Amino acid sequence: MTERIAVYPGSFDPLTNGHLDILARGRRLADRVIVAILDHDQKTPLFTVEERIHMIREIVGGDPSISVSSFTGLLVDFAMRSGATIIVRGLRAVSDYEYELQMALMNRRLAPAVETVFLMAKEEYSYVSSRLVKELARLGGDVTGLVPNIVRQRLADRF
Ligand code: PNS
């Protein structure tokens, strides 16, 4: 039987518990999930791509069905190069929908064989975003429960 491979793309700057929850759900749909970190993004990240790769590997390293990579260029090209037929994206509020729909339709136009699936994280993570977590950490707030402990420590070191 052919292996079903999914790509879970994003900035992951940093990875949150919401991302981890989506990753676990995505893992149920595929034999292997590749966490794919966009490199050369326009935004100035808090953590370099290498730092993010290492952090995520430390967090998910125990699961041989999950790998972590970075990519440049089009996501669908990376997906096809990796043999992936599924793109996993998390949906929180309705406000995420418009951008996600545009991206999914554009990706489908570019690569009809790759299907985007939207997954909903646990309700308790519905308001958690990397942006808010960074702001909270920068202003001295407690991010416990919002991110894995490794990320909490790295945020504390950074601020
Ligand atoms: O977590 P993010 O920042 O919302 O992730 C966005 C991401 C990385 C999934 C998206 O920006 C992306 O796929 N970028 C690569 C370029 C691409 O393929 N864009 C979509 C079609 S034009």
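Converting phi to 3J(HN,Hα) with the Karplus coefficients 6.51, -1.76 and 1.60 and the offset θ = phi - 60°, region 107-120 yields 5, 5, 5, 6, 8, x, 7, 9, 9, 8, 10, 9, 10, 9 Hz in sequence order, with x at every glycine or proline. Positive contributions from Lys and Arg (+1) and negative ones from Asp and Glu (-1), summed over other residues with Cβ under 12 Å from the Cβ of Val143, come out at +3. Relative to the dominant Cα principal axis of the chain, helix 17-29 is inclined by about 20°. Placing a pseudo-label 7 Å from each Cα along the Cα-to-Cβ vector at Asp31 and Asp142 gives an inter-label distance of 4.5 nm.
Model label sites at Arg158 and Asp63, defined 7 Å from Cα along the beta-carbon direction, differ in position by 2.2 nm. Using only side-chain charges placed at the Cβ, +1 for Lys and Arg and -1 for Asp and Glu, the dipole size of region 1-75 relative to its Cα centre rounds to 280 debye. A Cβ-based charge dipole, computed about the Cα centre of the chain with Lys and Arg at +1 and Asp and Glu at -1, lands at about 100 debye. Peptide packing for 52-61, 73-82, 7-16, 135-144 was compared via the average number of neighbouring C-beta atoms within 10 Å per residue; ordered from the highest value, the list is 7-16, 52-61, 73-82, 135-144. Relative to the longest principal axis of the C-alpha atoms of the chain, give the angle of the C-alpha long axis of helix 149-158, reported between 0 and 90° and rounded to the nearest 10°. The angle comes out at about 60 degrees.
In a simple Cβ point-charge model (Lys, Arg +1; Asp, Glu -1; nothing else charged), region 47-134 has a dipole of about 160 debye relative to its Cα centre. Here r is the Cβ-Cβ distance between Ser70 and Arg131 and R0 is 22 Å; the resulting FRET efficiency, rounded to 0.05, is 0.65. Amide H contacts for Leu119 (H built 1.01 Å from N in the peptide plane; partners 5 or more residues away or on another chain; cut-off under 5 Å): Arg89, Gly90, Leu91. Annotation: extensible slack from Glu3 through Ala24 equals 5.8 nm (criterion: 0.36 nm per residue apart, minus Cα-Cα distance).
None of the figures in this text is laboratory data; all of them are computed from the coordinates on show. As the structure is a computational prediction, the values presented were derived from the model and not from experiment. Because the Cβ atoms are built from the backbone with ideal geometry, glycine has one as well, and the counts that use them run over all protein chains shown.
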